[in-house]
1. Give the stretch A:72-87 a look and list any residue that's at the interface with chain B (Cβ under 7 Å from one of its Cβ atoms) and free of Cβ contacts under 8 Å to residues at least 60 places away in the same chain, or say none.
2. Being away from every other protein chain (no Cβ under 13 Å), surrounded by 24 or more Cβ atoms within 10 Å (Cβ to Cβ) and more than 17 Å from residue B:59 (Cβ to Cβ), is that true of even one residue in the stretch B:152-175?
3. Select from the stretch B:61-88 the residues that are in contact with an Asp or Glu (Cβ under 7 Å, 6 or more places away or on another chain) and of a type in the set (S, T, N, Q) and list them in ascending order.
4. Give, as residue ranges, the helices (runs of 4 or more DSSP H) completely inside the stretch B:333-391 that count at least 1 residues that are surrounded by fewer than 21 Cβ atoms within 10 Å (Cβ to Cβ) and acidic (Asp, Glu).
5. In the set B:117, B:71, B:64, which member is of a type in the set (Phe, Trp, Tyr), surrounded by fewer than 16 Cβ atoms within 10 Å (Cβ to Cβ) and not in a loop (DSSP other than H, G, I, E, B)?
6. Kindly state which strands (runs of 3 or more DSSP E) lie completely within the stretch A:154-252 and contain at least 2 residues that are among the hydroxyl-bearing types (Ser, Thr, Tyr) and touching a Lys or Arg at 6+ places or on another chain (Cβ under 8 Å).
7. How about the stretch A:110-129: which of its residues are aliphatic (A, V, I, L, M), farther than 26 Å from residue A:56 by Cβ and in a helix (DSSP H, G or I)?
Amino acid sequence: MWGIFLESVVIFKNYMGFHENGYLAGIYLFMLLYLWLTEKDRHRRAVFVYAPTLLLLMFFCPLFRKLFVRVLDDAETYYRLLWLLQMSIVSAYGMVRLCGRHLRIGLAVMCVAVIACGNYVYDSEHITKADNAYHLPQDAVDIVDLMEPEEGRITVLVPADLIYYVRQYSTNIELPYGREMLINRWGYYNAMYEAMEQAEVIETKTFVTLTREYPCTYVVLKEDRRIEEPLTDYGFAVYGQVGEFVIYKDMTLADS
Amino acid sequence: MFSIISLLFWLLVIPFCIGLIPVRFLSPDRRNPGLVILAGYFCMWAVFGIVTIPAVLWVQYHNFSVASDCFTVLSILCAAAGLLVWYRNAKAGNPGLLTGRSREKSPMVWAERIEWFIFFGLAGFQLYKAAVYASFDGDDAYYVVASLIAQQADVMYRILPLTGGSTGLDVRHALAVFPMWVAFIAVKSDIHATIVSHVVMPLVLIPLTYLMYYEIGRILFRTETDGADGEEKERAAGTGRKKTGDRKTAGNREKLPVFMILMCMFQIFGNVSIYTNETFFLTRTWQGKAVAGSLVIPAFLWLFLALYDRIGKERRSEAGLWLLLACVNVTAGICSSIAIFIVSILTAVTAFCLMIVERDFKVLVKIGAACIPNLIYMGIYVIMAYSYLLG
């Protein structure tokens, strides 16, 4: 039980970003305490004080966590219970009450506190200027445009960099494996993935045998990807190049 | 041009017209156009869930078309009913559905105007970032592709989004049909589902979320004269209370834009980890789970505040709030199957607390009754998840 409790503590700390010096949780807990002491309206106390406190206690309760994980068969989403606290709403309400009559100066102080304790979302490395209306990398769009058949579906082998995007642009392109292979903790195994991504140098003969099992009409490789023998020696032809990606077409499939 | 008209029709006109139905059963003091839209969205999503989940479960071929056609007919009928309610309400001379009871309001002071200006600047900044900047999220390889499959292959949850292979129903995702609503909008507007997800959805969902916060703020910073009927106001004026009331009115009203600015700040700087609902709100706005965290859960808070909120001296029974509570429950289910479990926990805990403060067991019974959709949803989930044990 103690171990489960400690796991909940770790989840809480990760959620609150303590390891990255995010202290918005401090503001929230302060405001929750402030509302405990000052909120007179009993209905607001129920919604903004009693319920969040009970939810926090439940979150740390090992028995509750065991039940949650057992019923949902999922331990990874336990942190979403903390969404129920709606920290920003409770904190903002507490802040406005705390400011009292000194609203303007209070607003300025509170904004500074939020900026100091928080983390600017648009600083995220995952947010970049969009290349196009799809909000997908332009290379992925161009590659699919080159390969997409006029009718029907084809299977295409692409490097990990493109796996997330190809099918967001066209579902006529199928993949031998998808995003599930890129997340180690999910523990999937796929021979094609091993040959394509895990091998330091692609072993061409095995690789080609595997691609023809699906069969992959096109194979996309980064131009600097190391490969024992060129694919062109095994019935592939260079079909085009987009940025750093070289597109090979399996001509043996084209013939059949 | 067709696309824009279609988007306006399905994202503005239809929800607005549907929203007129529940708003008819709300206190006139609550009514405003923003609430009509919000209520309309929750009712529309509930209808979508009720139509689409059975289609996912029991229709094998072209299940998206079946659900889409049924939903089109039902939503247009609901919208027509909303217009009829609006017309009959106006004809009967009742308080307006959009404006409620018109009251004299003291003019906005400059500082208040500036605060609202700052809020709209911050909200506009988020919309700009959402439209012009791309936010990478690995889950899009599932959710966005699920929408695109529905649009391009007319299939819901029978093709594996990650690779394209066929698959059996995955209970965890199959009941959360929010991506299918995105696909519906994509088909109706003839826009690629990925563009609808990444560009159109944030432009709709971010304002909707702030409308929700605005409604919460309206209750929290209610002005003293809100909800007092004319007679009460006159009495207050006669006894010299009006002046004090006006000052408090203005004072409380000024708190609302401050609250909204702080909400913006929390969203923009709430990225203390990848797990917070604030991070989800601005980096994966289009995913059902983000909608659950940022819009649906606050809607529960709003409803719990509103249900037991006293307007004037008496608490009024508002059937519209109970209807909305049921619809928000269904909406949670279409957003994410985890969401329906966690909002049920929220509902149970808050109802328990409200029961204690109200000293009335009926609170638990009434709120519990509004959660019947959750029980049905969870029943289907459990049966599907553990059906192999029966086989």
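The values are calculated or read from the model by the stated rules, or taken from the named source; none is laboratory data. No experiment lies behind these values; they were computed from the predicted model shown. All Cβ positions, even for glycine, are placed from backbone atoms using ideal geometry, and neighbour counts span all protein chains on display.
1. A:72, A:77, A:80, A:81, A:83, A:84, A:86
2. For the stretch B:152-175, residues away from every other protein chain (no Cβ under 13 Å), surrounded by 24 or more Cβ atoms within 10 Å (Cβ to Cβ) and more than 17 Å from residue B:59 (Cβ to Cβ): absent.
3. Filtering the stretch B:61-88 for residues in contact with an Asp or Glu (Cβ under 7 Å, 6 or more places away or on another chain) gives B:62, B:64-65.
Within the stretch B:61-88, just B:65 meets the criteria.
4. B:337-358
5. Numbers: B:71 fails: surrounded by fewer than 16 Cβ atoms within 10 Å (Cβ to Cβ); B:64 fails: surrounded by fewer than 16 Cβ atoms within 10 Å (Cβ to Cβ).
Testing whether each residue is of a type in the set (Phe, Trp, Tyr), surrounded by fewer than 16 Cβ atoms within 10 Å (Cβ to Cβ) and not in a loop (DSSP other than H, G, I, E, B) leaves just B:117.
6. On the way: elements: A:154-157, A:216-222, A:236-242, A:245-250.
Where strands (runs of 3 or more DSSP E) fall fully within the stretch A:154-252 and carry at least 2 residues being among the hydroxyl-bearing types (Ser, Thr, Tyr) and touching a Lys or Arg at 6+ places or on another chain (Cβ under 8 Å), they are A:216-222.
7. Initial filter on the stretch A:110-129 (aliphatic (A, V, I, L, M)): A:110, A:112-116, A:121, A:127.
Then keep just the ones that are farther than 26 Å from residue A:56 by Cβ; that gives A:112, A:127.
Result: A:112, single match.
To keep it simple, each residue is scored yes or no on (1) in contact (Cβ under 8 Å) with a residue 12 or more places away in the chain; (2) in a helix (DSSP H, G or I); (3) in contact with a His (Cβ under 6 Å, 6 or more places away or on another chain); (4) under 20 Å from residue B:181 (Cβ atoms).
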position	(1), (2), (3), (4)
B:39	yes, yes, no, yes
B:46	yes, yes, no, yes
B:57	yes, yes, no, yes
B:81	yes, yes, no, no
B:89	yes, yes, no, no
B:111	yes, yes, no, no
B:128	no, yes, no, no
B:144	yes, yes, no, yes
B:148	yes, yes, no, yes
